[in-house]
Amino acid sequence: MKYLMEMVIWFLTLLKCSYQSDFNIAIIGGGIGGTSCAYFLKEIFKDMVNLDIYEGNKVGGRLATVIMKDGNEYETGGSVIHQRNKYMSNFVSNLGLQKRKSVFKNERLGLHNGKDFDFIENDNYFVNLMNILWRYGYSIKRLQEFVNNMLDKFERIYELQTNGFSFDSTYDLLTAMDPSFVNYLNISVKDAYLKEEHFSESLITELVQASLRVNYGQNTNVHEFVGSVSMAGMDGSLWSVKGGNKRVVEKLLEKSKAHLIPEYVVQITRNNDSYTLLTNFKKKATYDYVVFAAPLAENQKVPITFSNMPLALNKVGKYHQTVSTLVVGEMKRTRFSTISDDLLPITIISNNENEFFNSISNVEGVNETGSLNVWKIFSQQPLSNNQIDYLFENVSDVKVVDWLAYPHYSVPTESQSFHIADRLYHINAIEWTASAMEMSCIGAKNVALLIKKHFYSKELNETTKRSHMEL
């Protein structure tokens, strides 16, 4: 009898949902997190849901490009994707996009200490391998195995999300991947790699530090999880999207059929079972659910006021400033004596935190174009004309993008909630574990699943009450 009752309740729930009137979801932020969440929500709810995405700037967020005077377009933000990133790979395949073919061959990596190179790759594979082993010993092999093992554990999230599992906090999500991952947030990558994994000090101070300088503008004091994610981005198994990584965002927006509202949200007011948003154009709209797909930080560029909330919302930490400068010109290779007569494409990463740049690299165009006279420089602060002149000559064009790119990581890192309040969610909570395109997609999928869980549990509760009354 009990089983029969449960079947009746479930049938009534499904019947009600079949005729459910549309409900409305607002997504604040039109980057990879916001648009992938819209895509996942449309997959789940089909035509039952109406989606609005608020984006006062360009769609794409930190996946941005600029056009230089040479007529080509170049990435300024998130530039590379790992081959094991399932969501980004699937988006490219399913949305009719293509992976970009690399134009530069034999590009070399140099690790600079401010005076000279600690290490620079050789274009001969065997010579390069011997140099690596001589410099870093067997630690380099053990580090590679450590990162691959971490990625194996990390990939468990895909099966969990495919099976509909969702998580209220970053600690819960990491624990589901592997219980050890939470510990990674509470120790610096420097201490973990040196004291627990016993990697060589030179490997940590040079190669690991270099990965963090170029990927996050920070050093080995960051927590072990983001440090290890950063190292995964140094193994060469990387790719980009033809036409620019922002094409994924544009296609996700189109596929989700979300309505783009080109305004900033400046206030969120909680009602009984809904939220009212106010924009910078003084327009208001009310929604059943709100998804925050932007940083909720102390120094966020567009502050948002939360009104009538049950608890005060504490903004989490600060985001780290990164400046991306694109230069068309000739690098003064004599500034780096080892490459003074070398015309091969190169990436130079400075491990000296007193240096005015984090990295300098030749950069390819998003449409498979390449010139050895186009460079991307990452720095903590905007470069002065004197600093640009110190590095380059015959400069014909300079473009600068200054943005808050990712969290400023510290130890320990507390668990962050994806569920800010009833019907209010935060995708970017996941960035405090690590900031990357794939991480944003995982956070977006998690929020979509949380909304699904809330929506159907609410429907089930209402139907159960009604069924008891009818019976």
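Of all residue pairs spaced 6 or more apart or on separate chains, those with beta-carbon atoms under 6 Å, a first member in the range 370-388 that is β-branched (Val, Ile, Thr) and a second member that is part of a strand (DSSP E or B) and at pLDDT below 95 are Val374/Val363. Output the residues belonging to the range 192-225 that are in a helix (DSSP H, G or I) and more than 14 Å from Leu143 (Cα to Cα). Within the range 192-225, Ala210, Leu212, Arg213, Val214, Asn215, Tyr216 qualify.
Could you look through the range 61-119, keep only residues that are free of Cβ contacts under 8 Å to residues at least 24 places away in the same chain and assigned to a helix (DSSP H, G or I), and pick out the one that is least open to solvent (accessible area, probe 1.4 Å)? Per the stated criteria, the residue is Ser89.
If the condition is being open to solvent by 40 Å² or more (accessible area, probe 1.4 Å) and either over 21 Å from Phe336 (Cβ atoms) or hydrophobic (A, V, I, L, M, F, W, C) (or both), then the range 376-400 contributes Gln381, Pro382, Val395, Ser396, Val398, Lys399, Val400. Hey, any hits in the range 254-274 for a residue that's of a type in the set (Gly, Ala, Ser) and loosely packed, with under 15 Cβ neighbours inside 10 Å? No. Looking only at residues in the range 252-279 that are touching a residue at least 24 places away in the same chain (Cβ under 8 Å), among the hydroxyl-bearing types (Ser, Thr, Tyr) and not in a loop (DSSP other than H, G, I, E, B), the one that is farthest from Val302 (Cα to Cα) is Ser256. Only a single criterion out of (1) open to solvent by less than 70 Å² (accessible area, probe 1.4 Å); (2) over 19 Å from Gly110 (Cα atoms); (3) within 21 Å of the chain's Cα centre (by Cα) is not satisfied by Val328, namely (3).
When the range 163-186 is filtered for residues that are assigned to a helix (DSSP H, G or I), open to solvent by 20 Å² or more (accessible area, probe 1.4 Å) and hydroxyl-bearing (Ser, Thr, Tyr), the ones remaining, listed by number, are Tyr171, Thr175, Tyr184. Checked against (1) open to solvent by 70 Å² or more (accessible area, probe 1.4 Å); (2) modelled with pLDDT of 95 or more, Trp10 passes all but a single condition, namely (2). For the structure I just gave you, tell me whether Lys318 is out of contact with any Cys (no Cβ under 7 Å at 6 or more places or on another chain) and touching a residue at least 24 places away in the same chain (Cβ under 8 Å). Yes; evaluated as a whole, the condition is true for this residue. The set of residues from the range 23-60 being surrounded by fewer than 22 Cβ atoms within 10 Å (Cβ to Cβ), among the β-branched types (Val, Ile, Thr) and not in a loop (DSSP other than H, G, I, E, B) comprises just one member, Ile44.
In summary, Lys153 fulfils each of the numbered conditions (1) buried (at least 22 other Cβ atoms within 10 Å of the Cβ); (2) of a type in the set (Lys, Arg); (3) closer than 14 Å to Thr433 by Cβ with the single exception of condition (1).
The values are calculated or read from the model by the stated rules, or taken from the named source; none is laboratory data. For clarity, every value in this text was computed on a predicted model and none was experimentally measured. Every residue, glycine among them, receives a Cβ derived from its backbone with ideal geometry; neighbour counts consider all protein chains shown. When the accessible area is computed, the model is the full protein with side chains, heavy atoms only, and any ligands, DNA or RNA have been set aside. Shrake-Rupley method; radii C 1.70, N 1.55, O 1.52, S 1.80 Å.
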